[in-house]
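Here the structure comes first, spelled out in structure tokens, and everything after it is commentary.
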Amino acid sequence: MAEAARARAGAARDGRGPASARAGGDLVFSAIAFVLALLPRLYVAIAWAREPVWDGHYYDFGARRIAAGLGYSDDLIVGGQPVWHPWCHYPVGYSGFLGLVYRLFGAGPHVATVANAVTGALLVVVVHRLARYATTPARARAAALLAALSPGLIVYAALLMTEPLAALGLVTAPWLLARDAARGRLLRGAVLAGVALGLTALVRPQSLLCAPALALLTWRAGRGPGGVADGASAAWRRGALAAAVSAATALAVVAPWTIRNCRVMDGCALVSTNGGWNLAIGAFPRATGRFETLRAGDGCPIARGQVAQDRCWMAEGLKWIKNDPVRWLALIPRKLSFTFDHESFPVGYLGEANPAAWPEERRAAGRRVLTASHLGLLSVAALGVVALPRLRPWRALAAQLLALAAVLGLVAWGVLGDEHAFWPLAVAIPVIAALPLPGRPANGGVVGYLAFAVASVTLTHAVFFGEDRYHMVVTPALCVLAACALRRGETAPAAGRADAR
């Protein structure tokens, strides 16, 4: 009895107490976190927002067309008459979300940005609820506070851009699955996670890459008689089932939009028609590693439908990579640097929308604040997959000291190096999480999923091109990982104990 009591106490300290307590507890703090996150975002959404610019202009235009009942489209003038012209170059999800908001509340000047503020506050709540399945309640609160007070996420409320909504989906899917799997409702959780992931794919198609990582969330959910965890083979079967159901459900959610594209466009497209464009931008002879405008003279001069154009650029991009793979590979560090080494897009957007309010001095100060907070978060998040070294056993001590030294070395390289490159930390997070190092913390489950999400962004923008706004989708994941920094390591497996950490 005493041993069981000690085990329960230890589980509570590690955030591994009864699933029902973790799932239902701390709702008051979730509500407080929502308010704390909402207030600064509302201020920014109302005081700083102006006419949408850059990609935000197209998202807003598409939303207004959807709200007016015209679908995702524009009008072409043919023979002096407007002709309805369908779109799918940009993913439809964010415009569809704003279109629903406009339909319900009108398309006033701050309606979209206030909706962004509410989205950002909900994102903080889900970060808190998800983090409770990754670590202790105190650390879960810290994760929520990091997300609530993130300067970049706050400023993003004034931007009509997709990243916060996509980030909300990326953390909602694992939370739904982890919650229901802990309650013994694995299939329901897998279906709900699939719905969330499918809706997220309509906002950001590469979110589908995270579907296999949902299997990690079920590893400790199943318990056999006496509370002993299932064996490894049963855990893998359960994980594979959950991931397969979630992936199938996500594709089913996306399918109506795919069918629409096949019906009204000049060819079929799963979600959007910018994948070929993006590959070409990251591979064509003038590629720099970040966005550059493609011109007709670069390879696809004939004006055709959106699907045909995208396929043309895809073919051109693959040809350029095949012809000079060394040059394309050499661009990867620059692409990842543009993605992870700074955070300036929100300030640039606001400066473009309202130049008088954002002179260069204010822009520079804003870039410094956002970049410093992002790089600090990324540095601490890398410690989320490293255990606090303990004196015994010595193999675990040596392994975790090496992992800690690697992370601290990369941070020092970023701070002191001439290029101030922090992007290797984004590569290190999933690599260290996957290594079976002795004494490591529990890097499966939620932490494993979040590390996989970071890897999906790293891989995507290594292949295509980089911009700092693309890391915003995993900023909430970094908040959870940072809150998990230097946790206790897993205990050595005891004989006959399948559930030892």
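Are there helices (runs of 4 or more DSSP H) fully within segment 375-492 with at least 3 residues that are under 23 Å from Asp341 (Cα atoms) and open to solvent by 10 Å² or more (accessible area, probe 1.4 Å)? List them.
394-416, 423-434, 445-463
As an exercise: evaluate Pro82 against (1) part of a strand (DSSP E or B); (2) within 30 Å of Phe29 (Cβ to Cβ) and give the number of the one condition it does not meet.
Just one mismatch for Pro82, condition (2).
Looking at (1) in contact (Cβ under 8 Å) with a residue 12 or more places away in the chain; (2) basic (Lys, Arg); (3) open to solvent by 60 Å² or more (accessible area, probe 1.4 Å), can you tell me which one Arg295 breaks?
All conditions are met except number (1).
Pick out the one residue from Ala453, Ala428, Ala381 that is farther than 29 Å from Pro325 by Cβ and at pLDDT 95 or above.
Of the residues listed, the single one that is farther than 29 Å from Pro325 by Cβ and at pLDDT 95 or above is Ala381.
Might you check whether a residue that is of a type outside the set (Phe, Trp, Tyr), open to solvent by less than 20 Å² (accessible area, probe 1.4 Å) and either touching a helix residue (DSSP H, G or I) at 6+ places or on another chain (Cβ under 6 Å) or not in a helix (DSSP H, G or I) (or both) occurs anywhere in segment 355-362?
So far as segment 355-362 goes, no, none of its residues is of a type outside the set (Phe, Trp, Tyr), open to solvent by less than 20 Å² (accessible area, probe 1.4 Å) and either touching a helix residue (DSSP H, G or I) at 6+ places or on another chain (Cβ under 6 Å) or not in a helix (DSSP H, G or I) (or both).
Does Ala244 satisfy being in a helix (DSSP H, G or I), within 29 Å of Arg188 (Cα to Cα) and open to solvent by 30 Å² or more (accessible area, probe 1.4 Å)?
Answer is yes for this residue.
Considering each residue of segment 164-223, count those that are open to solvent by 50 Å² or more (accessible area, probe 1.4 Å) and in a helix (DSSP H, G or I), and give that number.
11
Would segment 75-96 turn up any residue that is loosely packed, with under 15 Cβ neighbours inside 10 Å and at pLDDT 95 or above?
There is no residue in segment 75-96 that is loosely packed, with under 15 Cβ neighbours inside 10 Å and at pLDDT 95 or above.
Just the residues that are outside any helix (DSSP H, G or I) and of a type in the set (Ser, Thr, Tyr), please, taken from segment 85-125.
Selection gives Tyr90 alone.
The values are calculated or read from the model by the stated rules, or taken from the named source; none is laboratory data. Keep in mind that what you see is a predicted model, and the values were worked out from it rather than measured. All Cβ positions, glycine included, derive from the backbone under ideal geometry; neighbour counts span all protein chains shown. Surface areas here come from the heavy atoms of the whole protein model, side chains and all, with no ligands, DNA or RNA. Shrake-Rupley method; radii C 1.70, N 1.55, O 1.52, S 1.80 Å.
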